Amino acid sequence: MKKSVIVVGAGLSGLRAAQLFHKAGYKVTVLEADNHIGGRVMGFELNNGQKVDVGGQWIGKTQKPILELLNELGVETYEQYNKGQKVHWRKKCSIKTFSSSSSIPPLNLFALLDLHFNVISTLDRLMKDVNLDYPKKSKNAEYWDSITVESWAKSKIKTTSAKELLDVAIRMIFGAEAKEISMLFFLMTLRSGGGILNLSETRNGAQEFKIKGGAYNLAYLLKEKLPENSVLLEHQVTGIQHDEHQVTVFSGDKSFTGDYLVLAIPPPAQYKIVIEPSLGLPRNKLCEKIFMAAMIKIYIVYEKAWWREKGFAGEAIPFDNSAVKDDDGLSPFSMVFDGCDDNLSVTALTVFIAGKHAIAHTKLPQEETKTRILNLLSKLFSSEDAKQPIEYIEKNWLLEEWIGGAPVGICPPGCLSYYGDALRQPVGRIYFAGTETAHADVGYMSGAIQAGERVVADVLKYEGVEI
């Protein structure tokens, strides 16, 4: 009799796992609480009929899992636009530009040396001590998991400029603030993604390429590989019962029974499910401690790419306490990039609002935040054209009912060193996927793909099937 697998979560990780299980001869059922597939990748249709990625979008040349999947599916990529002048605006300084050939804004010599030796080189050295399979076995794991990145940075970084740049990088990579993140989790993520520079850069970094047809389309291409009616939308899982022989999943008045279960959902989402018997203290505490990051993505669509005509790359960093005079001193957004597609059927700027910026943004009326953002873009790029968009699309991932944030679940101090072994460790016939569980590219689409592939390999190995 054909073995069966139930997958909870129709994001990239769950769909990749389902596709590979189906290919291996298993009966597959995918249950998705939302009314669409994709999870943290999502498309939005513009007025001109073109679609844009309001979720994950970037890949880098070191991200082998997703590159291999794209090759398998026959999907091409194109470069993130990176020509012309970048812009930064720092406290008590005028707006300045710098070449797109550099990922680092101009700094004085002392700050540049501080950034290179005390930040980049030090982090590259420390991350090599991280055990990606068992983070708590890493060198000095208990110490690193007892402090935040903020605590480490205050003790090591000598200049305000270097600290500000690290804060920007952390906010954009993690969707959280340095004071929220365990240093051990930070180092683990850096190790999984090739280092702080690789994760921060467009050219030769993790933001170098975008996917033709949109990243959201990968979910639909994977779904096409599955039997008809095997992906069930609006099926919130409310309960799971499992024993040594099978797993039964409950959704409303329906139940589904399989030989194995894959939970391909963010760890905090597990808490919405009653699981009997319990998955155990380590897994439960892990899911209790991990929190979802804060990220908002905005597409501001224009008639033409006017910033390119003016010699700008479309990339800008407005540092806090420089662009606004509000009491909190926060910038209206964290960074902006060129958001055009490869054939300019979409001409847009893509604004990211992350970490504390996202929290502050969510508390304000959208019309107010829109005005602040457009005014700041006009100042940064010295053009009134910035105030004349033809469309303004905001995706606030904090408001997603079933996900609760993006791009990744964050481990605060006291999480990985105590409960990290439970991140990927199966409990009976229940396995765990999702980008949080990846060995490579944690927090990225590639990590989601790798995690889905790992789960399939683990089950097949348990079944004694040669891979």
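Structural remarks
- The condition (being crowded, with 19+ Cβ neighbours inside 10 Å and either part of a loop (DSSP other than H, G, I, E, B) or touching a residue at least 60 places away in the same chain (Cβ under 8 Å) (or both)) is satisfied by just one residue among K158, K210, K136: K210.
- Residue within segment 401-417 that is acidic (D, E) and either more than 23 Å from I6 (Cβ to Cβ) or not assigned by TED's automatic domain parsing to the domain that holds S345 (or both) present: no
- Verdict on V52 being outside any helix (DSSP H, G or I), within 16 Å of R16 (Cα to Cα) and outside the structural domain of V8 (by TED's automatic domain parsing): no
- Some residue of segment 392-404 being small (G, A, S), more than 30 Å from L460 (Cα to Cα) and either touching a residue at least 12 places away in the same chain (Cβ under 8 Å) or touching a Phe, Trp or Tyr at 6+ places or on another chain (Cβ under 8 Å) (or both): yes
- Test for R16: is it at pLDDT below 95, in contact with an Asp or Glu (Cβ under 8 Å, 6 or more places away or on another chain), among the basic types (K, R) and closer than 26 Å to A294 by Cα: no
- Screening L115, L69 for residues that are assigned by TED's automatic domain parsing to the domain that holds A206, of a type in the set (A, V, I, L, M, F, W, C) and in contact (Cβ under 8 Å) with a residue 40 or more places away in the chain leaves exactly one candidate, L69.
- Out of G239, G258, G252, one residue alone is more than 20 Å from A448 (Cβ to Cβ), small (G, A, S) and crowded, with 16+ Cβ neighbours inside 10 Å. It is G258.
- Restricting L187, L165, L222 to residues that are of a type in the set (A, V, I, L, M), touching a Lys or Arg at 6+ places or on another chain (Cβ under 8 Å), outside the structural domain of H357 (by TED's automatic domain parsing) and surrounded by 20 or more Cβ atoms within 10 Å (Cβ to Cβ) narrows the list to L222.
- Here T362 meets each of (1) buried (at least 19 other Cβ atoms within 10 Å of the Cβ); (2) of a type in the set (S, T, Y); (3) under 23 Å from A406 (Cα atoms) with one exception, condition (1).
The values are calculated or read from the model by the stated rules, or taken from the named source; none is laboratory data. This one's a predicted model, so the numbers in the text were calculated from it and none came from an experiment. Glycine gets a Cβ as well: all are built from the backbone with ideal geometry, and neighbour counts include every protein chain shown.
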